[in-house]
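The values are calculated or read from the model by the stated rules, or taken from the named source; none is laboratory data. Given the structure is predicted, the values throughout are model-derived calculations rather than measurements. Virtual Cβ from ideal backbone geometry, glycine too; neighbours counted across all protein chains shown. Side chains are part of the model used for accessible areas, which takes the heavy atoms of the whole protein and leaves out ligands, DNA and RNA. Shrake-Rupley method; radii C 1.70, N 1.55, O 1.52, S 1.80 Å.
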Amino acid sequence: MEPSSSNKEIRIKGIPASPGIAIGSVLVLSGDSIKVDSNSITPDQIDAQIAKLMQAIEKSKIDLIELREKAEQSFGETDAQIFDTHNLMLDDDLIIQEAIKRIRERLETADNAYFQAVSQFESYLAHTEDEYLRARTSDLVDIKRRVIRHIQGKPVFSFALLENPVIVVAQELTPSDTVNFKRDKILASATELGGRTSHAAIMSRSLKVPSIVGLGSALQALETGDQVIVDGNKGWVIAHPSLQTIAIYEKQRREFAVYQAKLGHIRDLPAKTRDGKKIELSANIEFPEEAQTIGEDGANGVGLYRTEYLFLTRKELPSEEEQYREYARIVQIMGDQPIIIRTLDVGGDKLPTSIKIAPEDNPFLGVRGLRLYLPFVDVFKTQLRAILRASAKGQVRLLLPMITTVSEIKFCKEILAEVKEDLRRGQIPFEENLPVGATIEVPSAAIIADIIAAECDFLSIGTNDLIQYTLAVDRGNENLAYLYQAYNPAILRLIREVIEKGHQQTVWVGMCGEMASDPLATMILIGLGLDEFSVSPISIPLIKEIIRRVDYTECEGLAETVLKCQSVEEVKAVLRTILKQKFEDLLYCQIIAETNQD
Ligand code: PEP
Ligand code: MG
């Protein structure tokens, strides 16, 4: 990379969300807002404005042809068809005539007239009874943005058309943005907003690209084409780096690769403490294709498959057949290893276009996770049928998200029984004893974990949400990241109680939240008796290395010590001392990032 000669080096500190170092050029993704010129034109400008509009529509059509070809090559015919729909919308005479009328009669600029004309149509679609038509609203917004940017002579961005790999810089990335990333085109991502456990950050870890969130408004100084370094280990973005800085980071990048390769040797070794306690170490996956590589990372199965991917990447609901094919594919890859499939957990920051959730003031406290199964019971049933059918082919377990009361589990089990009965009648094979687990991620569920465990076969602690709901801190709010602490004594006590209550009911207790991937926490969690760690694939070698270097008895002692601590600071001080003594050689791991965070 060439250093910038004219600009001074700028360093911006954020929250490290996915490890690794990337050096490359920036692509700034601008947000969703569309700005138009609301000034009036003069009558002599009418013809020129209409010509501008028509040219922009033609340019958009050329884009769509190119996009369709690329989408067909990369994703197949079905996904490419979306661009045919866009083309039809572009050609819609009602919209075009309305825009022209507004230019002529109201003397609106071309961009404003088109904006108003499409918006009218959009609000009609948004209120129609027809679910298919309602789902077309977001397509119209895409079209509107494309045409308006052409009118304004601004570049129109599409991931599908990206030629060279880039570092994506944005105010915020939604999970839908992230699922559209092409692995080979994204070197790293850096965002102004977001916390370590926001879903977009989790997806960046899945994609194994370095990522930093919560960089704040300082990031706005970056422009497309700027050269930057993203240090996902420590949370630094360095813009316009000097030759000397580039050399330092090139060296660190090589060292990080060596460190990762060094940890690679433990891939086939068991996750067992030195004194022989066996720990289940499995992987969290977001995308079906990740199942192919988690064995190479050293995982024993999938501890959390977030099925939302299937629902977020398309405009229509995935059919039972399509879901079945996806689940069966993963089950087949995993062979005799377990795979925990979590049923749909949308709402909060994950909003599917295929299910209409009414706008809410507090989406994280709203219709999220299994709360959606009541109004959309058919969506739930279809997913259960697909999962049950896949269960005939391997070691499937079912996990329910966002449990707050025991009645919710009973409701889900009743639906499950109905679906099983249907399959029996149709003589369709499935696993009769499919294990059912509850995610413990809401404080009420943690407090009654014994009652919930009595209804389940296993519990999985979802710390990402458990921390946000217990401490009343939005997991995506970078300004409150200092409060969002797994090491808050309240959280540690809750985790201890959940494990104890689960064990009292003789069910095993795992953890699928990001705390399980945090090397600072590994010893405490072993000491508290956690049976299973389900971690981001990228963290598996490191967590396994830590498990293999410690004794269960010393972990028990450490857990006892930290549970007596009164504050986050005290807990962290104890942990850092131990980790520095025992794991100093794991130089480039997240321990360093964690240590550098505050
Ligand atoms: C959690 O909340 O810890 C969890 C694993 O679920 P998600 O991150 O998908 O909300
Ligand atoms: Mg959760």
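Summary of computed values
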item	result
Tally, over the range 309-341, of residues that are in contact with a strand residue (DSSP E or B) (Cβ under 8 Å, 6 or more places away or on another chain), crowded, with 20+ Cβ neighbours inside 10 Å and at pLDDT 85 or above	7
Residue list for the range 392-414, restricted to those being more than 16 Å from ligand 2 (Cβ to nearest atom) and surrounded by fewer than 21 Cβ atoms within 10 Å (Cβ to Cβ)	Ala392, Lys393, Gly394, Gln395, Thr405, Val406, Ser407, Lys410, Phe411, Lys413, Glu414
Hits in the range 526-544 - residues which are out of contact with any Lys or Arg (no Cβ under 9 Å at 6 or more places or on another chain) and under 16 Å from Lys582 (Cβ atoms)	Gly527, Leu542, Ile543
Extreme residue, farthest from Gln468 (Cα to Cα), among residues of the range 361-410 that are without any contact (Cβ under 8 Å) to a residue 12 or more places away in the chain and more than 16 Å from ligand 1 (Cβ to nearest atom)	Asp378
Residue list for the range 292-306, filter: at pLDDT 90 or above and either closer than 18 Å to Ala271 by Cα or touching a Ser or Thr at 6+ places or on another chain (Cβ under 7 Å) (or both)	Ala299, Asn300, Gly301, Val302, Gly303, Leu304
Residue count, the range 503-525 (criterion: farther than 15 Å from Leu579 by Cβ, among the aliphatic types (A, V, I, L, M) and more than 12 Å from ligand 1 (Cβ to nearest atom))	2
Some residue of the range 460-471 being more than 12 Å from ligand 1 (Cβ to nearest atom), in contact with a helix residue (DSSP H, G or I) (Cβ under 6 Å, 6 or more places away or on another chain) and of a type outside the set (D, E, K, R)	no
For Val473: the one exception among (1) open to solvent by less than 10 Å² (accessible area, probe 1.4 Å); (2) touching a residue at least 12 places away in the same chain (Cβ under 8 Å); (3) within 16 Å of ligand 2 (Cβ to nearest atom); (4) of a type in the set (Val, Ile, Thr)	(2)
Subset of the range 519-552 [assigned to a loop (DSSP other than H, G, I, E, B), open to solvent by 10 Å² or more (accessible area, probe 1.4 Å) and in contact (Cβ under 8 Å) with a residue 40 or more places away in the chain]	Asp531, Asp551
Test for Phe458: is it touching a strand residue (DSSP E or B) at 6+ places or on another chain (Cβ under 8 Å) and open to solvent by less than 50 Å² (accessible area, probe 1.4 Å)	yes
The range 287-300, residues that are assigned to a loop (DSSP other than H, G, I, E, B) and surrounded by 23 or more Cβ atoms within 10 Å (Cβ to Cβ)	Gly298, Ala299
Failed criterion for Val498 (all others in (1) within 16 Å of ligand 2 (Cβ to nearest atom); (2) closer than 24 Å to Pro16 by Cβ hold)	(2)
Criterion violated by Ala453 - all others in (1) within 16 Å of ligand 1 (Cβ to nearest atom); (2) open to solvent by less than 10 Å² (accessible area, probe 1.4 Å); (3) within 24 Å of Ile387 (Cβ to Cβ); (4) of a type in the set (A, V, I, L, M, F, W, C) satisfied	(1)
Subset of the range 162-205 that is out of contact with any strand residue (DSSP E or B) (no Cβ under 7 Å at 6 or more places or on another chain) and within 16 Å of ligand 2 (Cβ to nearest atom) - its residue that is modelled with the lowest pLDDT	Ala200
Residue satisfying all of: in the range 190-220; outside any loop (DSSP other than H, G, I, E, B) and more than 24 Å from Arg253 (Cβ to Cβ); most open to solvent (accessible area, probe 1.4 Å) among these	Gln220
Unique match (being open to solvent by 30 Å² or more (accessible area, probe 1.4 Å), under 30 Å from Thr224 (Cβ atoms), assigned to a helix (DSSP H, G or I) and at pLDDT 85 or above) among Gln73, Gln116	Gln116
Output for the range 238-269, where each listed residue is touching a residue at least 40 places away in the same chain (Cβ under 8 Å) and either open to solvent by 60 Å² or more (accessible area, probe 1.4 Å) or within 18 Å of Ile538 (Cβ to Cβ) (or both)	Leu243, Gln252, Arg253, Glu255, Phe256, Tyr259, Gln260, Leu263, Gly264, Ile266, Arg267, Leu269
